[in-house]
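Visitor: Before I ask anything, let me first share the structure, which is written out below as structure tokens.
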Amino acid sequence: MVEREVEVRNRAGIHARPAAMIVKVANKFVSNLYMEKNSMKINGKSIMGIITLGAAYKSRLTISTEGPDEEEAADAIEQLFLNRFEE
């Protein structure tokens, strides 16, 4: 299992478009993806799950991946956050 802490850097937070981007990238990998905020843990391959986290600007999340390509999956998801979801 790989865990990373990420920060929401785009001003609008995690709304529908960033959530869809996360799911699109996550589904390229076999590994499971989970996201956690304030002890609420959701499946990172679910748009509705991601939106229910209510991740606003400057929120800190823990992402965890588990599976055969877990390192690559974690890198790809972390990169979305670093790039502010291209906003």
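Since every read-out is calculated from the coordinates, none of them should be taken as a lab result. Just so you know, these numbers come straight off a predicted model, no measurement behind them. Here Cβ is always computed from backbone atoms with ideal geometry, including for glycine, and neighbour counts include all displayed protein chains.
Visitor: With the requirement that a residue be surrounded by fewer than 14 Cβ atoms within 10 Å (Cβ to Cβ) and outside any loop (DSSP other than H, G, I, E, B), what does region 63-83 give you?
Guide: The answer is GLU71, ASP75, GLN79, LEU82.
Visitor: Can you find a residue that is touching a residue at least 60 places away in the same chain (Cβ under 8 Å), in a helix (DSSP H, G or I) and over 18 Å from MET1 (Cα atoms) anywhere in region 18-39? Walk me through how you get there before you give the answer.
Guide: Initially, region 18-39 is screened for residues touching a residue at least 60 places away in the same chain (Cβ under 8 Å), giving 18, 21.
Within this subset, residues satisfying the condition of being in a helix (DSSP H, G or I) are 18, 21.
This time we only want the ones that are over 18 Å from MET1 (Cα atoms), so: 18, 21.
Checking region 18-39: at least one residue is touching a residue at least 60 places away in the same chain (Cβ under 8 Å), in a helix (DSSP H, G or I) and over 18 Å from MET1 (Cα atoms).
Visitor: Which number in (1) under 15 Å from LEU80 (Cα atoms); (2) surrounded by fewer than 18 Cβ atoms within 10 Å (Cβ to Cβ) marks the one condition that ILE22 misses?
Guide: In the conditions (1) under 15 Å from LEU80 (Cα atoms); (2) surrounded by fewer than 18 Cβ atoms within 10 Å (Cβ to Cβ), ILE22 misses (2) alone.
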